[in-house]
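Take a look at the structure set out below.
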Amino acid sequence: MRHFSYFLFENFDPDREAAHPGNPRRIINARADGVLSRVADSPPQGCSAARLRGEFGAEAVDRLIAAGVLRAREGRIVYDTPVFLAEDAAALRAFSASASAPLADRLWEIRGDLLRTAEKTAKGFDPRVSLYHILCGMVFDGFFFDWLGERGGVAVSRPHSSGLDYLSVIYEDCPELEALSDGLLCSYNRLTDGRTSLQSFGDAAGERFDFYRCFRLRERGPLEGRFARAGALLDKLPKGQERQCLLDSTRALLQGGGCPRECLDLLELFGYTENGRICVPVFSRADEPVIARLAALVEEALYEEAARTLREVQGRLEITAARHGVPAGETANELYHILFGGINEELVRRGLTAAPPDRPGEGRYLQCIKW
């Protein structure tokens, strides 16, 4: 049996909908490995629907269909979300290698403008750290993604029968795909209430020790291991209001006010404060004109050429998602992440942006606060 990693892009509040029966985290997980393996090992036209339901049960198959992972097609079952198998690795690696460096060259040519602009938000940090957060994260996983979405270049939304809106992507766990599924700098984790975000940006090569991961694990039960201390502190906050209490306290601290001891200890535990003081870059509304200027510089240098690259590659990539007729915009969404993750790796390698530290067991990432 094959094994898979499951990635979700939720357009809903994961805390508020944690108990929703249609929450994809209750459905799209390792329990689906057997079903997905059988489809993967079937002919290109898909797996017999009768066989799949007979082997795994109609309920298990139909839940995955309702969640948008599978689709029934002429008596057979195919993938309905981007699923990348070991067999796809060579094509994906070739795409990333051929496309990323030329696009990074365009940003290298304007490196002076980028660094001078980023320096206005540095506030004592190396401007390359600011540029990492703004360019690698906010621009590529924000402004540029929205730009592509407005033009139909990627999918940004998929409402499901459950009433929840989310996109999913699935990678087979294998050495051939590991560098693309986990290794690229294209992964945001955010704990946010829409006003304040405790966030980190990096790769997915490990179990990141951050607030977002902590709250997701807490949905499954008591926190253990290195998260146990965080669980004990969260248990001291008002039940059901832990996230809001933490974010409200963070805002108070940023404004020079007091912060409850438990919240300060949590911020210290996860590396956002040191000796009671914020120790990561902070981006506020006052920085928005500078961030917008950086986004404009990147748009002028890169957007149209990168969009053209995505359009052209979709027609010639021989991958599982294309054979199964997965919605093109959803496949493009992940191809975009592979593309901008590859560009980010180039920018870090060349020293244009800061290099996130490699944390054993967690992967590479840097943290910041946005409010």
Would you check if there is a residue in the range 45-61 being touching a strand residue (DSSP E or B) at 6+ places or on another chain (Cβ under 9 Å) and within 30 Å of R213 (Cα to Cα)? yes
Residues in the range 24-40: is at least one free of Cβ contacts under 8 Å to residues at least 24 places away in the same chain and within 17 Å of T320 (Cα to Cα)? yes
Test for A19: is it modelled with pLDDT under 95, at negative phi and either within 21 Å of the chain's Cα centre (by Cα) or small (G, A, S) (or both): yes
Single match in G149, G163 (criterion: out of contact with any Pro (no Cβ under 7 Å at 6 or more places or on another chain) and assigned to a loop (DSSP other than H, G, I, E, B)): G163
Restricting to the range 331-360, name every residue that is open to solvent by less than 20 Å² (accessible area, probe 1.4 Å), outside any loop (DSSP other than H, G, I, E, B) and not hydrophobic (A, V, I, L, M, F, W, C). T331, N333, E334, Y336, H337, G341, G342, N344
Of the residues A232, A228, A179, which is in a helix (DSSP H, G or I), in contact with a Lys or Arg (Cβ under 8 Å, 6 or more places away or on another chain) and aliphatic (A, V, I, L, M)? A179
Going by the structure shown, is T196 of a type in the set (V, I, T), in contact (Cβ under 8 Å) with a residue 24 or more places away in the chain and touching a Phe, Trp or Tyr at 6+ places or on another chain (Cβ under 6 Å)? yes
Residues within the range 305-328 that are open to solvent by less than 60 Å² (accessible area, probe 1.4 Å), assigned to a loop (DSSP other than H, G, I, E, B) and on the phi < 0 side of the Ramachandran plot, tallied: 5
Out of F143, F209, F215, report the one residue that is within 21 Å of A295 (Cβ to Cβ) and aromatic (F, W, Y). F143
Output the residues belonging to the range 120-140 that are in contact with a helix residue (DSSP H, G or I) (Cβ under 6 Å, 6 or more places away or on another chain), surrounded by 18 or more Cβ atoms within 10 Å (Cβ to Cβ) and small (G, A, S). S130
Filtering the range 227-271 down to residues that are touching a Ser or Thr at 6+ places or on another chain (Cβ under 8 Å) and at pLDDT below 95 yields C259, P260
Within the range 249-278, residues being in contact with a Lys or Arg (Cβ under 8 Å, 6 or more places away or on another chain) and either within 17 Å of K370 (Cα to Cα) or outside any helix (DSSP H, G or I) (or both) number 1
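The values are calculated or read from the model by the stated rules, or taken from the named source; none is laboratory data. Keep in mind it's a predicted model, so treat the numbers as computed, not measured. Cβ atoms come from the backbone with ideal geometry, glycine included; neighbour counts cover every protein chain shown. Just the protein is used for accessible areas: all its heavy atoms, side chains included, with ligands, DNA and RNA removed. Shrake-Rupley method; radii C 1.70, N 1.55, O 1.52, S 1.80 Å.
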